[in-house]
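Peer 1: The structure follows.
A short reminder: the numbers here are calculations on the coordinates, not readings from a lab. Since this is a predicted model, take the numbers as computed values, not measurements. Note that each Cβ is placed from the backbone with ideal geometry, even for glycine, and that neighbours are counted across all protein chains shown.
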Amino acid sequence: MALRKNKITKDTKIPRHIAIIMDGNGRWAQKRLMPRSFGHKMGMERMIGLMEHAFDLGVEYITVYALSTENLKRPKEELEGLFNLFRNHFKEYMARVCDRGVRLRALGDVSLLPEDVQKILRQSEKDTSAFVGKGINVAVAYGARDEIVHAVNKAVETGEKVTEESFSRLLYTGEVPDPDLIIRTGKEVRLSNFLLYQAAYAELYFSDKMFPEFSDKELDKAIVEFSRRTRRFGKTDEQIEQKE
Ligand code: FPP
């Protein structure tokens, strides 16, 4: 019985868009007396597995918080380790997921990254740009406040009055629908400058697991929890029932 509780069934509502704050890679590695960069590599591998699993379940968009603008202030050695992951593994790992017809987008101020890493991201975007329907968004050199300020400046440049919808299209996420479920691993309970505008009606799920140990079953658990919640978008239960 306890097992069934977290099992995905045909009645489970699958979120269209899941966003993930992959926290805890460093702590996971340090606990095993391994360098933090090893934790990031394991985290990246776990993320690919999770993406495959999520797309199999019918999820359409996955957004990953891979590197925040604040993370760019980390020690040089750790940052180089992260950039090396992009240099050595990103293309090969992402191909595993994108070859199923998934479009990759990089969100953030990519110009803050080393040039060769920028090229890798731009090339992956280009290679997958014809794919429609499913998407992976990799937030790198990303900060939600920076994203909002960037969008405001774009709006000011055009001189046109914005609506909620038109403003939303000026964000790095562009046409991508808002996340339905935001998951954060690693025991912290905050959004840390991630998708602040887009998260307005997202369901939030926090896991004590460090990211490398956030298994496919843990993702199922988060989705089952999401499916149990009633999303009212500010309306009453009765209004929601009538619509259904
Ligand atoms: C948080 O762990 C993770 C990061 C700062 C970087 C994670 C990015 C990658 C592994 C590369 C990108 C991956 C994909 C799939 C594109 P932390 O170091 O803050 O952990 P801690 O809280 O335990 O210190």
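Peer 1: Among the aspartates and glutamates, which fall within straight-line cross-link reach of residue 31, defined as a Cα-Cα distance under 16 Å, with same-chain neighbours fewer than 8 residues apart omitted?
Peer 2: 23, 208, 213
Peer 1: What does the charge add up to near residue 176, with Lys and Arg as +1, Asp and Glu as -1, over the other residues with Cβ less than 14 Å from its Cβ?
Peer 2: Net of charged neighbours comes to -2.
Peer 1: Applying the Karplus parametrisation 6.51 cos²θ - 1.76 cosθ + 1.60 with θ = phi - 60° to the phi angles of the stretch 28-34, what ³J(HN,Hα) value in whole Hz is obtained for each residue in order, glycine and proline being reported as x?
Peer 2: Result, ordered by residue: 4, 6, 4, 5, 9, 6, 10 Hz.
Peer 1: Scaled to the compact-protein estimate 2.2 N^0.38 Å, what is the alpha-carbon radius of gyration of the stretch 55-106, rounded to two decimal places?
Peer 2: Against the empirical 2.2 N^0.38 Å value, I get 1.37 for the stretch 55-106.
Peer 1: While we're looking at this one, here's another question. Run the count for the stretch 150-244, please: Lys pairs, Cα-Cα under 25 angstrom, 8 or more apart or on different chains.
Peer 2: For the stretch 150-244, the number of qualifying lysine pairs is 6.
Peer 1: Please compute the alpha carbon radius of gyration of the chain, then divide it by the globular-protein estimate 2.2 N^0.38 Å. Two decimals is fine.
Peer 2: With N residues counted in the chain, Rg over 2.2 N^0.38 Å equals 1.03.
Peer 1: Which whole-Hz couplings ³J(HN,Hα) result when phi for each residue of the stretch 76-83 is put into the Karplus expression 6.51 cos²θ - 1.76 cosθ + 1.60, θ = phi - 60°, listed in order with x for Gly and Pro?
Peer 2: 3, 4, 5, 5, 4, x, 5, 5
Peer 1: Give me the net charge for the shell around residue 137: Cβ to Cβ below 15 angstrom, other residues only, Lys and Arg +1, Asp and Glu -1.
Peer 2: -1
Peer 1: Rank by packing, highest mean first: peptides 182-194, 35-47, with packing defined as the count of other Cβ atoms within 10 Å averaged across residues.
Peer 2: Ranking, from highest mean packing down: 35-47, 182-194.
Peer 1: If we count other beta carbons within 10 Å of each Cβ, what is the order of 216, 237, fewest first?
Peer 2: 237, 216
Peer 1: Could you grab the relative contact order for the chain? Cα pairs under 8 Å, six or more apart, rounded to a whole percent.
Peer 2: That works out to 29 percent.
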